[in-house]
Amino acid sequence: MPRINRQTTDVDQPPKAGDEKRAGDEKGAFDRLKAALTEAFAAPDMACQSLTAAEVIARNRR
């Protein structure tokens with residue numbers, strides 16, 4: 001019978017220092033994104049305006 005080589009996964013490893021802080025940072029970023037998307041999609045269609053790609057790029061550079 002052939003032997004199966006078991007590879008170590010992250011689940012098998014003890015948590016590293018800073019993992020909790022990193023997880024909190026990711027949760028905060030996710031919560032901010034979720035709030036921004038909720039606000040954007042809650043706006044009525046009349047509040048939307050057409051933008052060109054150049055306008056979007058210029059807006060995001062600010």
**Request:** Determine ³J(HN,Hα), in whole Hz, for all residues of segment 33-41 in sequence, where each value follows from phi through the Karplus function 6.51 cos²θ - 1.76 cosθ + 1.60 and θ = phi - 60°; x replaces Gly and Pro.
**Result:** 5, 4, 5, 5, 5, 4, 5, 5, 7
**Prompt:** Put a dot 7 Å past each Cα toward the Cβ at residue 25 and residue 48; how far apart are the dots in nm?
**Reply:** 3.5
**Asked** By how many nm would the segment from residue 34 to residue 57 lengthen if fully extended, with 0.36 nm per residue of separation less the alpha-carbon distance?
**Response** 6.1 nm
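Where a number appears in this text, it was derived from the coordinates with a stated rule and is not lab data. The shown structure was predicted, so the numbers you read here are calculated from the model rather than taken from an experiment. A quick note on method: Cβ atoms are made from the backbone with ideal geometry, for glycine too, and the neighbour counts reach across all protein chains shown.
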